[in-house]
Structure formats: structure tokens, C-alpha cells
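Right, one structure below, let's go through it.
The values are calculated or read from the model by the stated rules, or taken from the named source; none is laboratory data. Just so we're clear, the structure is a prediction, and the values are computed from it rather than from any experiment. A quick note on method: Cβ atoms are made from the backbone with ideal geometry, for glycine too, and the neighbour counts reach across all protein chains shown. Accessible surface is based on the protein model in full, side chains and every heavy atom, while ligands, DNA and RNA are left aside. Shrake-Rupley method; radii C 1.70, N 1.55, O 1.52, S 1.80 Å.
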Amino acid sequence: MREIFPELEKLLECVHILIMDMEFRIVFWGMADIELYGFSREEAIGHTAYDLLKTEFPYLLEKIKADLISEGKWHGDLVHTLKNGERITVNSCWVLYTDNNGSPTAIVEVNSDITERKLAEERLEKNLRDMEYLSATAMHLLEPMSHREFFRYTAEQLQAVSGNAMVALSEYDPRKDELIVRALSGPADKLQRVVAILGRDPVGLRYRVSKDIRERMARGRLDSLEGGVCDLIFNQMPLLLCKQIEEELHLGCIYAMPFSLDKDFMGIAAVIIDRDEGLKNSWLVEAIVNQATLALKRNKTEKDLKRSEARFRATFDHAGIGMTIVDVNGRIIKANPVFVQVIGYTLQELTNMHVNDYIYPPDQLYDNELLQEMIDGKRDSYQTEKRYVAKDGRIIWGKLAASIARNPAPEPPFIIRMVEDITERKLSDEREAKRKEEQLEFYRRTILAATEGKLVITEKDEIFSISGETIATWPLEEAEKLSNVRHEVIEIVKRAGIAEARVDVFAIAVGEALTNAIKHAHVGTATMHKLADALMLVVTDQGPGIPALTLPEVALKRGYSTAGTLGMGYKFMITFADRVYLATGPGGTTVGLLLQFQPPKKPQTELLPLCAMLAIEQEEREL
């Protein structure tokens, strides 16, 4: 070597260069080679390089040598084995050295350790292959397939990356809190043996998982589980049968990962490795399970949605009331048979009609306002009664219940409108109201005639409209203070210059009116009014009012009281006031007692003895 490279001897000691003769025997072995390979000069020089380093060539050595002689150089990747048995990959460059006559005399081999780079390239290549595999798996899981096919395909993909392991996929049944084996994949001989031992296909078997396992599954990642198959999966079978499966199939550790998303537990993927092997490609197993979880969640959501849609369609089509689906612009998307029958338009005619096309015009504005409030998010629903115009022109009353269904963006919301035909009820109510009004009018006319115009059945507003200027007001809250109110009223009457005899009998009417307000409603108001030719006391309460059917008795029967024994009745108010105005209803009763400044043309002197007696009785009652 000194003769060949005398000036480079020191430099050669520092780089991974070895020099071989034409028979590949090592003639130079530097310090860098000693440090890399572990062989001393004595162990290396004179030995054939490919024997010493157990070189693995990319192709036949004879072909490499021929290329070297032909081209004068060769380079490629070789695998060398170090003295300690470790294998490394080197990028090797060979140069042919010739003498002055051009005859080849030596081979200079320069090696660069590229083991780490090669491993990185292999990892990258494997990752690319794995990503392609995951991409293909994900794309396939997105394709439509049956529930059974989904689990079978997922199990096969997991088994393909898990070596000699067996894969069992189970689905959770929340109704029974059980897991159901949906797919089993593994080496064909092991699958056949499982069926032979069980006497059946294990797919469909139900089992329960312990609470501890469920809690560990909640972590959502691949985890090794203690215990055997018998303890964790097929624990409803006899122990000896479970042990037989474990032994004959040479089953080892179990790795499990849940199909779980957003706290929705949907099942378990279990990888049962061979007893003599470890788990391969754990990250790839996790990735596939995650892909399958997303697909299973999507399938479950779609299935639930289809069920919900089917239930809604059945409800919509067979509902006993009219139903329509309307877009946010108020146009009909769909109508059910009952609504078609009620409104008279065909389904084809209704489609794309606006709701205002069949809503009675005076009722449209209110409905439009409520509809807009729902669209703006101010309300989710509303109920109202409105009129509709049928195709044949009939007016139909309907009880409308509308609600908004908000879809995930960007899908627009839609409105569900349910309409109950209440036309007959409305007509019946109108007939009843008209009957009662006619009855009340009959009572008014009858009472007016029977009392010679002294009792007028009217409205509260009408009483106040004719009562004149208000000159005094008293709250009626305590029965003990009624006497004071009555005396103040009488004082006003006396100051008006009305004859004393008429004042005394009017006092009885005043007492009856005040007492009735307290007894019937517990609270009320009395106001004194002055007209051009009369005074009027108006007593108002917020009691239950007088039923229309009892008005004749209230007005005409001596001693009648709506509370049984709480006064001498309206008969005496009519007798001792010049005119009585009466307004009554559920919101209370208003009585107006009119006393003219001048007595009526027909004096009632025959009643004076009775009046004196009643006045004494009134005084005693107030005391």
C-alpha cells in the first residue's frame, strides 16, 4: 500500500476506505474501518472482504466485477455485518486502480454508513404505504354497504395489519347492555377450529364486559387487557370450553379499543395475538379503528335519521289533523291527505302555494308576523285560531300550531304547521253566543217593561257615559265602614235639596248596593255623580257577576239575593231609586242608582210605611 499510495497513507487512516486486490483480499484496513466494523488489522488484512463482512450484494458479484473492469468504477448499496453481529447499510463506491501498463492491480472501496438514512427511508416508505392503505380503507368505509359487510370488512383490514392475530369486532346493544359478536377474522385454520370447538359460528354470540373493562375502554385508545378470552369475551360459555379455545388456538394477550365517539359507546374491537408474538402495527390498528368508529357513527346517525324520517312520514301521512311543511318564505313543500281534504285543493295545486293564498285576508297579517318571529329566532312555535278559505269559497276555522325545525347550516329551516278543523265548534260557539245575546236582550226588554222602565240592563261603559260629573269617590274594602259611606252619600243627597222622605228611601237602595259589593266581591268602588237634573251613585265590584238566567229573579223577586241572605235584593233598589242601571258579567257587577232632583210624576206614598221599617232594619244590620 505504501508503494501505491505513499503520500495518502495518513489520509486513508481517517476515512472508511479499504483496498483489495483483484481477488477481493483486503490489503489495507485503516483506523476508520477498525472503528466502524470492529475488526482489527490482523483480523482483516489477507481475508476476503465479502467473507469477513458477510456482504449482501444487490446482484451477483461476478456481474459487479465485470462492470468494474468495464467502466473502471462501480457504486451501489451494500449490507455489511459488523463484528458484533449488527447489520449496517453502506453506500459503496469502488474504483479500479491500474499500473503503468494499464493492467488492473487493486480495487479501492470507499464506504459511507447510510444505515440511519436507509431506515428513515424505509420508515417513510412504510408510512406512505400505511397511509395509502388507510386512505383506501377510509374510502371503502365511505361506500354504501350492509351492517354485516361493514364489520366483516373492518375485521379483515385489522387482521391484515396484525400479523397472525385474530380480530373480533363486537357491537353494543344498549337495550340489554350486552355486546354482540359481529365479525371474526384471522388465519383460516384458527377460524375453522373455533367453529369446530363451539359447534357454531361465533358471530352473533352475546356477552357482557366487566365494569372495569368498560371503564378502561372509556380512555378511547388501544390497550392491553389482563385475562384470557374466557374471562373477557366468551365468559357465558363453560370454562373448559374457553380454555380449550385458548390452548388449541395458541392465543395470547388481548388488545382492545372501543368504537366510541362523543361518549357514545358503540362496541369493541379486540385483537388477540398469538402467544409467541407481539402486537404489530399498533398505530395502524388504532387508525383503522378510529376510521371505523367514524363510519359506524355516521351509519348509526343515518339509520336513526331514517327511522326518525320514517316515523315522521307515518305521522304526517296518517295524522288525524291537517299538516303542511312550509319553507321560510311561506310556500308549501308538502301537505298531508287530511289537509288536502279540508282545504279542497289537490296536492299538486298546494305545492308551491303561499300560505296566504288560502288564509282569510284579515287573518294574514298576524300569521305573517308570528312566522317572521320564528324565522328571526324570537320564538320556536306559536298557536292561534284563524280562518281559511277553501277552494270552493267556504270559510273554515282552524286551530293552528306551528313550529320551526332548524337544520344544520347551510340547510335552511322549515316550518311544520298543524291545523285542526274547528269550524263546527266555532259555528256552535257563535250560535250559542247569539242565543245568549238574544236571551239577554229578551231579558232586558222584559225587565224594562216589567219595571216600567226603572231597571235598565246595559253595559258598564254605558253607565259611566251617562253618569255625569264625578263629585265623590269611596273605596269599598271593609263592611264596618259601609255606614260611613252611606251617610256621606245621604249628606250629598240632602245638600242637593231633595225631599227628606225621598232621601230616606233612597238611603235603603244605597245600603243595598254597597252591601252587595262587599258581600259578593269583598271589594269595590263607589262614586257619586252629578247630572243636570239628578244625582247618580255608581257602585262597581269585581265579583263573579250575575248569571244571565237569574236576572229575572234578581230584578223582580222580592228578597232575592245572589248570596242567599245578604240583602233585600234588587227589588228594593228598583223600588227606592228613580232608575237603576245594571251591568253584570264574569268580570264583575256595576250598579247605577239614579235619583232625580224632582220627584217622579207618580208618587209612591203607599210604600212609605214599608220604607220606614226597612230603614230601621238597615241601620241595625250596619251596626
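Ignoring everything except DSSP H segments at least 4 long, calculate the 222 nm mean residue ellipticity for the chain; use -39,500 (n - 2.57) per segment, divide by total residues, nearest 500.
Working: 22 runs with 264 residues, N = 623.
Mean residue ellipticity at 222 nm (helix-derived): -13000 deg cm²/dmol.
Within segment 34-49, which residues have the backbone N less than 17 Å from the label spot 7 Å out from ASN84 along Cα→beta-carbon, could you tell me? Only 34-40 fall inside the zone, counting backbone N under 17 Å. Annotation for segment 155-175 versus segment 242-285: alpha-carbon center distance of 7 Å.
Candidate values [x] 1.08; [y] 1.06; [z] 1.44 were compared with Rg/Rh (Cα atoms, Kirkwood Rh) computed on the shown model; the agreeing label is [z]. Of the cross-linked pairs LYS454/LYS494; LYS434/LYS460; LYS263/LYS300; LYS306/LYS386, those separated by over 25 Å at the C-alpha level are LYS306/LYS386.
Counting Lys +1, Arg +1, Asp -1, Glu -1, what net charge surrounds ASP376 among other residues with beta carbon under 13 Å of its beta carbon? Could the numbers behind the result be given before it?
On the way: positive: LYS378, ARG379, ARG406; negative: GLU369, GLU373, ASP380.
Local charge sum for ASP376: 0.
Cα centroid separation, segment 73-101 to segment 346-370: 90 Å. Between ILE114 and LYS263, the FRET efficiency from the beta-carbon distance, with R0 = 35 Å, is close to 0.10.
Any idea what the relative contact order of the chain is, in percent, if you count C-alpha pairs under 8 Å spaced at least 6 apart? Intermediate values should be presented prior to the final figure.
Values: 1009 pairs, mean separation 39.3, N = 623.
Over the chain, the number comes to 6 percent.
For segment 479-541, carbon and sulfur atoms together expose 50% of the accessible surface, with a 1.4 angstrom probe and every protein chain in place. Other residues lying with their Cβ under 13 Å from the Cβ of ALA138 contribute a combined charge of -2, Lys and Arg counting +1, Asp and Glu -1.
Over 21 Å apart at the Cα level, from the set LYS54/LYS126; LYS481/LYS519; LYS399/LYS426, are LYS54/LYS126.
Compared with the dominant Cα axis of the chain, that is its longest principal axis, helix 188-198 is turned about 50°.
Whole number in Å², please: accessible area per residue of the chain, 1.4 Å probe, ligands, DNA and RNA not counted.
Working: 33880 Å² over 623 residues.
Heavy-atom SASA per residue in the chain reads 54 Å².
So, counting K/R as plus one and D/E as minus one, what does the shell of residues with Cβ under 14 Å around THR115 add up to? Could you put the intermediate results ahead of the total?
Values: positive: ARG87, ARG117, LYS118, ARG123; negative: GLU56, ASP77, GLU86, ASP113, GLU116, GLU121, GLU122.
Within the 14 Å Cβ shell, the charges total -3.
Name the shape class, rounded, prolate or oblate, that the alpha-carbon gyration tensor gives for segment 66-124, where a ≥ b ≥ c are the square roots of its eigenvalues, rounded holds for a/c under 1.5, and otherwise prolate holds if a/b is larger than b/c and oblate otherwise.
Numbers: a/c = 3.98, a/b = 2.28, b/c = 1.75.
Note, shape of segment 66-124 comes out prolate.
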